[in-house]
1. If each residue of separation counts as 0.36 nm, what is the full-extension length gain between T184 and A201 once their alpha-carbon separation is subtracted?
2. Quick one: pull the percent of accessible area on the range 235-316 belonging to carbon and sulfur, 1.4 Å probe, ligands and nucleic acids left out.
3. Which shape class applies to the range 198-309: rounded if a/c is under 1.5, otherwise prolate when a/b exceeds b/c and oblate if not, where a ≥ b ≥ c are the square roots of the Cα gyration tensor eigenvalues?
4. Pairs to check: K176/K293; K38/K149; K162/K271; K221/K271. Give those whose C-alpha atoms are more than 31 Å from each other in this structure.
5. When the chain is fully extended, how far beyond the present Cα-Cα distance does T134 get from Y335, taking 0.36 nm per residue of separation?
6. Report the paramagnetic label zone for E80: residues of the range 150-180 whose backbone N is under 14 Å from a point 7 Å from Cα along the Cα-to-Cβ axis.
7. Pairs of alpha-carbon atoms within less than 8 angstrom and 6+ residues apart define the contacts here; what relative contact order does the range 230-313 have, in percent?
8. Which order do the peptides 233-240, 181-188 take when ranked by the mean count of other beta-carbon atoms within 10 Å per residue, highest first?
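The values are calculated or read from the model by the stated rules, or taken from the named source; none is laboratory data. Remember, it's a predicted structure, so these values are computed and weren't measured experimentally. Don't worry about glycine lacking a Cβ; one is built from the backbone with ideal geometry, like all the others, and counts go over all protein chains shown. Protein only, heavy atoms only, side chains kept; ligands, DNA and RNA dropped before computing areas. Shrake-Rupley method; radii C 1.70, N 1.55, O 1.52, S 1.80 Å.
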Amino acid sequence: MKQRLLRTLTLLLAVCLLGACLIGCKSLEDADLPENMKHATVEGAYYRLYLPNDWNLLTETGVSGGYASMQNKAVIYVKEYDNPDALTAADFWSAFLVPALLQTFDDGQDVSSLTPMETKLNEHDALAIAYEGTREMVTYQGQDVVCPKGNKIYVLTYCARKDLYEGYLGVFDTVKTNFAFKDTPFEPEEPINTVDPDAEAPEGMQLASNDDVAYRFYVPKSWVLDKNLPTSSAYVSESDRSNVNVTVYMPDEGAFATVDDYFNFCLDELKQAMTIQGEVESEEITIDGRKGKIYRYTANLQGRTYRFAQAIASYRGMIYTVTYTATPDAFGTHYQTYLDILSAFDFRGN
């Protein structure tokens, strides 16, 4: 049976737990901000997405969107797709989104049989499709709003654990109401420098991070880049889902005196979702010249056991975590590769 580390586990760690949080940067367009909301739009987007002020943003990872909190796993984001064949919303849903959902969920609704409902997104015709599915005994509910516009298709997505879905549905309705298409690209007041797409990777490695993040993340050329996650992530192969991902966290000033403080904070959150087995091992390391630590531990999630290594270091006020996840049997096989990935990790401007 194929060995695989579930996308849900990676998402739990990468988005909801060690999530890429970035407070909303001030913009020249602040006059357009809806009340009690902030920009959640990536630079260059021809639309504006706004989220509540108390939500955490994913813009540092190159995704327009964010999530409610580390405890409440509800996420809202926008994806933009090229549409050279002028597909309708219904055709795009059937041809692209249905297969993605069927792959994401282990068990759940027959999403191919769902009936889209007509709606509007910023006065443009769109379809809204609500769905439900189960991944490793956790049930999620979601809603996609699919809107063709020009030679693009935009998908506004809301997804949450089933027990949280209704509670945040009003937030999603507000976000949808305030979503706006624009004729000019979004330009934050302090744009993130872009990565040189021709930057030379170390021998035998490939660039696995996008142009919107403040680091270069390299993995072996043989690894598969996981573009379905709003974090920089890659896994060994389709038959071996051992993976490494990068997450970024912006703490409140003075919140964590050391990386130990931050790790223990995250560990307390982890214990709400999984059972930690045995002791946590740690050792000092450097990541691109920044002092940090690697933490190794084993945990059980819903009857399955995984082994983790998390390298944590701070850079310019942000906390970076490079996480390696594997089954206990595979962990040692790729651990040296993980160390090679850490050695190649590069903070831009360092």
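1. 2.8 nm
2. Here it works out to 40 percent.
3. Taking the square roots of the gyration eigenvalues as a ≥ b ≥ c, the range 198-309 is oblate.
4. From the list (K176/K293; K38/K149; K162/K271; K221/K271), the Cα-Cα distance tops 31 Å for K176/K293; K221/K271.
5. Full extension from T134 to Y335 adds 69.3 nm.
6. 150-156, 180
7. 19
8. Per-residue Cβ counts within 10 Å, averaged per peptide and sorted highest first, yield 233-240, 181-188.
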